[in-house]
Each structure stands twice: as C-alpha cells, then as structure tokens.
Amino acid sequence: MTRAVASLLGRRIPRSFFLRPTAIVARDLLGKILFHDSPAGPAAGIVVETEAYLRDDPASHSFRGPTARNASMFGTPGRAYVYLVYGMHHCFNAVTAPAGIGEAVLLRALEPVEGLDLMRIRRGRDSDRDLCNGPGKLVQALGIGRAHDGVDLTRGAVGFHEPKVSTSLRGRVVRDLRVGITSGAELPLRFYLRGNPFVSRR
DNA sequence: AAACGGATGGGCT
DNA sequence: GCCCATCCGTTTG
C-alpha cells in the first residue's frame, strides 16, 4: 500500500456491517471509502450516493427470484454484485441480508480522493466531477468489471474502509426516490449527501 | 437548462 | 421481441 493510501484508509468495513437492514446499510455507507487496489494502481472515492434494493421490491433484480445473472445478490453479504446494464455499462452493488435473501446496495456516486489521474485515463474525461458521478462512471473509474461479480469486499483488492479522518454527516444525509426505475419508483430508498457536488444529480 | 436519441448486449416474457 | 438500476453528444427552448 502506498504512503498516500495508508494515510487515507482506516479500518476495513467488516461483514457484520452488511448484515443489517439494507436501507440502513445504504445510509451508513455514505462517507465510507470505496477502494480498488488494481493492477494499474490504486483508486478510491468517498461514497456520496447509494440506493437500496430489497426483496419484494419490483425494481430489484431479485424480485423474480434467483437466476444465473443475479446469483451473487442471493449470496453471502459483504460480497459484490456486478452486472451489465444497457449493454455497455456495469453497475456495482454491495450485497446485504443473509444468503438466500436477495438484497443489495447500489453505489451511485463517489467523491474521488485517490488515483484521479488513473480515473481520468479510464474515463476519458478530465473534470473531477465527471469521474465518479454515476453508477456506470464510478465502476469505470475504479477499473471494476464483470470479473468482480461475487468477490468478497471484506478482504481482497476491492472493499470499503472507514476514512482515516472522519467528518460528521449530521444533517447532511438526504433520503428520497431512486433514479432511473419505473416500478417501485415510489419507495424512498436513495441516499445522498446534501450539497455534495459529486452526487449524480442535483 | 432541459429534452432527446443512439449505442449495445444480455436477460426474460 | 422488448425492456432495461446508463452515458454522452446534439438539439431545442
């Protein structure tokens, strides 16, 4: 681990964190750091926007039961669920709930804090704000792909950490409707940090 | 500033 | 065939 990264990351988020109600996990991931120690170099960002996807939730991939595609969503909590959407982008989720129950948290936006040059190359964009302000964008910026579907986020190259210097999020957490879905659109399961310029929409 | 459409592929009815 | 948990360049107001 590089010197810069060591000064950034606190303790790794353990599996017990993900074994709590999914909306709570989605809320509590705000302010944590998503890190990928990739072969090309480290990249990381502060989580600023998430969405919860529940069982018996018509917007959730798990709604119609387990399939080959969504298998990891029904697997061990604290692992990744990565899938291809719109034929060209990937989305990254942290699996929650006990095995057999298909729930997860979609990561929608990060505030880039490490590996910004690498992110710019991967994204083909220069502006800091355009690196991780969307679910497809952050996945591309971090170098995450289909190969990461099912990986354990509590150990290994991809995972969540406490920030070394933590700031209070009191009064900054907003809860409202999810983005880009049709059914289940009335459920308030999106969480983001008020006023943060790296959130995917204002 | 908002609205729109094209790209692109896999999963499911 | 149709429907996407999206992104981006272009057009329109």
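The values are calculated or read from the model by the stated rules, or taken from the named source; none is laboratory data. In this text, all values refer to a predicted model and were calculated from it rather than measured experimentally. As a convention, Cβ positions derive from the backbone with ideal geometry for all residues, glycine included, and neighbour counts pool all protein chains shown.
Look at A:Ile144 and say whether it is away from DNA strand B (no atom under 14 Å from the Cβ), surrounded by 24 or more Cβ atoms within 10 Å (Cβ to Cβ), closer than 22 Å to A:Arg178 by Cβ and aliphatic (A, V, I, L, M). Judged against the criteria, A:Ile144 is a match.
Let's see how each residue does on (1) under 14 Å from the mean Cα position of the chain (by Cα); (2) part of a loop (DSSP other than H, G, I, E, B); (3) closer than 30 Å to A:Gly124 by Cα:
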{"residue": "A:Gly156", "(1), (2), (3)": "no, yes, yes"}
{"residue": "A:Ser166", "(1), (2), (3)": "no, yes, no"}
{"residue": "A:Gly171", "(1), (2), (3)": "no, yes, no"}
{"residue": "A:Ile181", "(1), (2), (3)": "no, yes, yes"}
{"residue": "A:Tyr192", "(1), (2), (3)": "yes, no, yes"}
{"residue": "A:Ser200", "(1), (2), (3)": "yes, yes, yes"}
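Filtered by the rule that a residue be of a type outside the set (A, V, I, L, M) and closer than 10 Å to A:Glu114 by Cα, segment A:1-35 gives a lone residue, A:Phe35. Total residues in segment A:28-43 satisfying the condition of being of a type in the set (Lys, Arg) and either in contact with a Cys (Cβ under 8 Å, 6 or more places away or on another chain) or over 20 Å from A:Asn133 (Cβ atoms) (or both): the figure is 0.
Residue pairs whose Cβ atoms lie under 6 Å apart, sitting 6 or more positions apart in sequence or on different chains, and linking a residue in segment A:13-37 that is closer than 16 Å to A:Phe191 by Cβ to a partner that is modelled with pLDDT of 95 or more and among the acidic types (Asp, Glu), are A:Thr22/A:Glu103. Out of the residues in segment A:72-104 that are more than 24 Å from A:Ala157 (Cβ to Cβ) and out of contact with any helix residue (DSSP H, G or I) (no Cβ under 9 Å at 6 or more places or on another chain), state the one that is nearest to DNA strand C (Cβ to nearest atom). Here the answer is A:Gly87. Just one of the listed residues (A:Arg122, A:Arg175, A:Arg129) is outside any loop (DSSP other than H, G, I, E, B), over 26 Å from A:Pro77 (Cβ atoms) and more than 16 Å from DNA strand B (Cβ to nearest atom), and it is A:Arg122.
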